[in-house]
Each structure stands twice: as structure tokens, then as C-alpha cells.
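The values are calculated or read from the model by the stated rules, or taken from the named source; none is laboratory data. Just so it is clear, the structure is predicted and the values come from calculations on it, not from any experiment. Counting neighbours? That spans all protein chains shown, and the Cβs are built from the backbone with ideal geometry, glycine included. For accessibility, only protein heavy atoms count, side chains too; no ligands or nucleic acids. Shrake-Rupley method; radii C 1.70, N 1.55, O 1.52, S 1.80 Å.
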Amino acid sequence: MSVGIVSYGAYIPKYRIKVEDIARVWGDDADILIAGLMVNEKSVPDMDEDAATIAVEAARAAVSRSGLDVNRIEAVYTGSESHPYAVKPTSTIVAEAIGATPVMTAADFEFACKAGTAAMQACMGLVSSNMVDLGLAIGSDVSQGAPGDALEYTAAAGGVAYIIGNKESELVAVIEDTYSFTTDTPDFWRREGMPYPEHGGRFTGEPGYFKHVLGAAKGLMEKLGTSPSDYDNAVFHQPNGKFPRRVAKMLGFSREHIKPGMVVSRLGNTYSGSCMMGLAATLDQAKSGDRIFMTAFGSGAGGDAFSIRVTDRIDEVRDQAPKVEELLEDPVYMDYAMYAKHKGKIRRA
Amino acid sequence: MSVARSWRHQVQRYNLIGTSCNSCGKYFYPPRTMCPGCRRDGEIVSYKFKGTGEIVTYTVIHTAAEGFEHQTPYVLGIVKLDEGPSLTSQIIVDPTDIYMGMRVRPVFRKLGDSGEKGIICYGTKFVPE
Ligand SMILES: [Zn+2]
């Protein structure tokens, strides 16, 4: 039996703020920041958008891209670090909004930036054991960076949904295998009730991102007996533009490998949506037979690696929902004051 | 709005679920349980609207109701759905860009909440198509 992606859908809010407009407020050097982060601008949610509304829009795009019967979706898992409720699932809102309720299971996932890929893995298990017909795995975030914190330059909003199934004729891409590498690493955290996350500063790179992405990626290629030359494209978690480029090089992937999925410079870090957005952008331009290597990273910390093979069904569904490139087009720019209002950093007395 | 009352109408808000009459082909939103034209000969069934339509008229709100002050100026409009019925909704659009006859499509947004401790109400708004 094959397990894989039956459909996918993405959503990006239309607003953007430029790194230089944030830097101006805090007296930082925009040129140094842009060169260091390799991010020019990031998405900002509208005032009535949150991780749940973004998850719904992504899920609806995935449903309409494949035209499948929503009642076949028997599991809905939403990964986010910005679920709107502390207690009350986002996934029930999504399931109700796409019309998949009530005969189904649902739960929310949390694992910093890789909660969405963890949800994909859970769905893979459920469909391959025939416990459910189709599973919906979503990564959606409206991430927050504290005013003036380094994260404020990249914390963005967006969501991506993948419908996972096990009928070969329905799959747009077969997931050949997945491999995870997980340790208890305090590189990034947020305590209950706190509005902004804390992080270990420079500590987050080597023992966090690089150790876990390399651990998962090398582990999967070893398990499958593959090497970078076996793949047409590769996608890595994009907290900024520098980390995925560096980790790709360390693993032996080229600039061309990662090019289609590198969306961070115009989008920022969409956290749970980041790596999954890169995969969606890669699928948007993929050809039948292409092999895609993906590794997501979540602080805390872990890496989820996937080996994916695109089928000829991609050509039938690709144009039935907005492509990532289309969602990035025609943004509406806002200044820091309007951004602060949108993100609830300033409130009317 | 009470939690219970809001929840009872949730299905209609999330997906524009109304009804239609199989006898005369009319559509109803909010849903009607009896067709006013066919009366007893009508056959009412549940119907999920496509959600696309056009702006019949609109107003730009500068002085908002409690809980919506931070969103001003915003647009309230009457949307005539392609199947016929009209409804009032917030239209997410720059107030200087909207016009009568503008084509719109539905999106899923936060409609409001009952304070920081209360439930969040979600539902349908419209954006230019
Ligand atoms: Zn009738």
C-alpha cells in the first residue's frame, strides 16, 4: 500500500511589513538585518484573522483542489504554536467549517514549527492502518515576536493543509518514508499566559536547528539508501533565509534543489506553516516523477524528514486552487503603527 | 449574544447553509422551513450556498459598535448571493475601493468575541472576488 498526499492547500494573508520598517522603529540597521536574515518582508494577518481562520482557508483550498467528498476526512489535526484558545481545539472549528463533522476524530498538535509535519505523520499512520479513509493535517500560525526582539523581523502568518490518503490512484505525491530525530532541547519556549516566546538567542542555531535537521535528514537518506542526487528538489524549515541554505549545503543539496520552495524572503517564518509552505510551492511547479526531500524543524526540539515522489495526478489538481506564488503576489504593505494595531501590540484605551 | 444562541446559528455562519424549495426553485437565507410561495405544496431542503454574489449597497462605518472600535473604518454591505437571497455582512475591502455591483466571494473570519475570557465567534465575511 502507498501512503501520500491526496491534495494540498495554502493560505497567506494579504498584508506585509518590510524589515526596514520594523528596523526603523528600533534603530536597527536594516541592510545588515536583511543580509543576515535573508528576509525582506513578512506577512501580517488581518485583524479578524487568527490561526483558526487561516487553517480553515488552507483546508478549504485543499478540499477544492482535489474535489473530494469531505465526509471521507475522518481525522483533522491542526499544528500551531498560536492556537486561539488555550483550551478548546482549533481542529473542531476547521472540521465544522469544511463540513467534515461529526463522524471523525480531531485534536490539536503543538511542537513549535514542526507541529504540522507531526500531524502529517499521525495521518500517515492512521491511513496506512486503515483506521481512517483520509486525514487532514494542517500547519497554521499567526506567530508573535516581542516588540524589538529579533523574532519580530520574521514571525509571520500563514497556513498549509495536506490531505493524506492511501489509495495510489488518488495520490498527487507518494510519501516514500519519514524519519524523525527528537531530543529535549530548550532553544525556544513560551509559558502559559505569556504573550511572546523566549529563545536561547544564538544558542538556537547549532544545538537546535542544525543538529535536528541534519539528524533527521541524514537518518532518512541512510534508511532509504538515497543521496541528494536522487532528488529533484529539497525543502527545509525556513526560520530565515540563511539556515535552510546552509543546511542544504551541509547535506550536499544545491541552490537549484531548494530554489522552488524558498519562500521565506517574501513571507517570513510562518512557523508550523513554514516547511509545509515550501513543499506546497515545490509541488506547485513539480513534474510527474519528481522526488522531493523535505525536513521540518521544531524547537524543543526535533526534525521530521520526508521522502516524496510526485505522481502524474499533480497535473490534474494543481490549478484547482491558488498556488503559493499567486498568494504572494500583490501584497498590501503596512507601516509599523498599523502592524502594531493588527497584532494587538497596541490597544485603544 | 449568549454562547448557546451563537452556537445554534454556527452552521449557517460557517458555511452559508440555507434552504431551497424543490417545487419552485427559490432559495432562502436565513433558512425558511416553509416556502412562502408554494405553502403546503413546497418541498424545503437544506442548501449550501456557493457564497459568491455582488454588492447591492454598502455603508462605511466610522463610529463602531462596542468591540469593533479598532476596526474602523470598515464596510458593511448587503450582498446578493448568486442564487438570489441577500444578507448583510462585513465586506473586507478598502472603503475607497468598494462600489455597487462589485463581485464578492466568502472568507472565514473572526466575527467577534465576548471579551478576553469569552468564546470567539467565527463565520463568513466577504472579500472582492
Ligand atoms: Zn416554493
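Taking only the stretch B:31-49 into account, find how many residues are part of a strand (DSSP E or B), away from chain A (no Cβ under 14 Å) and either near the ligand (Cβ under 10 Å from one of its atoms) or surrounded by 13 or more Cβ atoms within 10 Å (Cβ to Cβ) (or both). The number of residues fulfilling the criteria is 1. For the residues A:Ser254, A:Ser288, the requirement of being assigned by TED's automatic domain parsing to the domain that holds A:His237, of a type in the set (Ser, Thr, Tyr) and touching a Pro at 6+ places or on another chain (Cβ under 9 Å) singles out A:Ser254. The residues of the stretch A:263-295 that are polar (S, T, N, Q) and over 10 Å from A:Val324 (Cβ atoms), listed by number, are A:Ser265, A:Asn269, A:Thr270, A:Ser272, A:Ser274, A:Ser288, A:Thr295. Set side by side, the residues A:Arg72, A:Arg65, A:Arg60, A:Arg24 differ, and just one is within 14 Å of chain B (Cβ to nearest Cβ) and at pLDDT 95 or above, which is A:Arg60. Just checking, does the stretch A:77-85 include any residue being farther than 22 Å from A:Ser274 by Cα, of a type in the set (Ser, Thr, Tyr) and either surrounded by fewer than 24 Cβ atoms within 10 Å (Cβ to Cβ) or in contact with a strand residue (DSSP E or B) (Cβ under 8 Å, 6 or more places away or on another chain) (or both)? Looking for residues that are farther than 22 Å from A:Ser274 by Cα, of a type in the set (Ser, Thr, Tyr) and either surrounded by fewer than 24 Cβ atoms within 10 Å (Cβ to Cβ) or in contact with a strand residue (DSSP E or B) (Cβ under 8 Å, 6 or more places away or on another chain) (or both), one finds none in the stretch A:77-85, hence no.
Scanning the stretch B:84-126 for residues that are over 20 Å from B:His9 (Cβ atoms), in a loop (DSSP other than H, G, I, E, B) and not small (Gly, Ala, Ser) gives B:Ile92, B:Val93, B:Asp94, B:Pro95, B:Thr96, B:Asp97, B:Ile98, B:Tyr99, B:Met100, B:Met102, B:Glu116, B:Lys117.
Selection within the stretch A:256-286: residues that are assigned to a loop (DSSP other than H, G, I, E, B) and closer than 25 Å to A:Thr226 by Cα. The member of this set that is most open to solvent (accessible area, probe 1.4 Å) is A:Gln285. Within the stretch B:63-92, residues that are within 13 Å of chain A (Cβ to nearest Cβ) sit with their Cβ atoms under 7 Å from residues that are part of a helix (DSSP H, G or I), at 6+ positions apart or across chains, in these pairs: B:Ala64/B:Gln71; B:His70/A:Lys341. The number of residues in the stretch A:90-130 being within 13 Å of chain B (Cβ to nearest Cβ) and open to solvent by 50 Å² or more (accessible area, probe 1.4 Å) comes to 3.
Conditions tested, residue by residue: (1) buried (at least 24 other Cβ atoms within 10 Å of the Cβ); (2) among the basic types (Lys, Arg).
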{"residue": "A:Ser288", "(1), (2)": "no, no"}
{"residue": "A:Thr295", "(1), (2)": "yes, no"}
{"residue": "A:Arg309", "(1), (2)": "no, yes"}
{"residue": "A:Asp312", "(1), (2)": "no, no"}
{"residue": "A:Lys323", "(1), (2)": "no, yes"}
{"residue": "A:Ala340", "(1), (2)": "no, no"}
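For the stretch B:50-96, a tally of residues being away from the ligand (no atom under 16 Å from the Cβ), within 14 Å of the chain's Cα centre (by Cα) and of a type in the set (Gly, Ala, Ser) returns 5.
Quick check on B:Glu54: is it acidic (Asp, Glu) and within 14 Å of chain A (Cβ to nearest Cβ)? Criteria not met by B:Glu54. Listed by first and then second residue, the pairs with beta-carbon distance under 7 Å, at least 6 apart or on different chains, first residue in the stretch A:110-130 and closer than 10 Å to A:Gly273 by Cα, second of a type in the set (Asp, Glu), are A:Lys114/A:Asp304; A:Ala115/A:Glu81; A:Thr117/A:Asp304. Within the stretch B:13-30, the set of residues being surrounded by fewer than 18 Cβ atoms within 10 Å (Cβ to Cβ) and either within 8 Å of the ligand (Cβ to nearest atom) or assigned to a loop (DSSP other than H, G, I, E, B) (or both) comprises B:Asn22, B:Ser23, B:Cys24, B:Gly25, B:Pro30. Might you check whether a residue that is away from the ligand (no atom under 16 Å from the Cβ), open to solvent by 30 Å² or more (accessible area, probe 1.4 Å), more than 26 Å from A:His83 (Cα to Cα) and touching a residue at least 40 places away in the same chain (Cβ under 8 Å) occurs anywhere in the stretch B:106-127? Among the residues of the stretch B:106-127, not one is away from the ligand (no atom under 16 Å from the Cβ), open to solvent by 30 Å² or more (accessible area, probe 1.4 Å), more than 26 Å from A:His83 (Cα to Cα) and touching a residue at least 40 places away in the same chain (Cβ under 8 Å), which makes the answer no.
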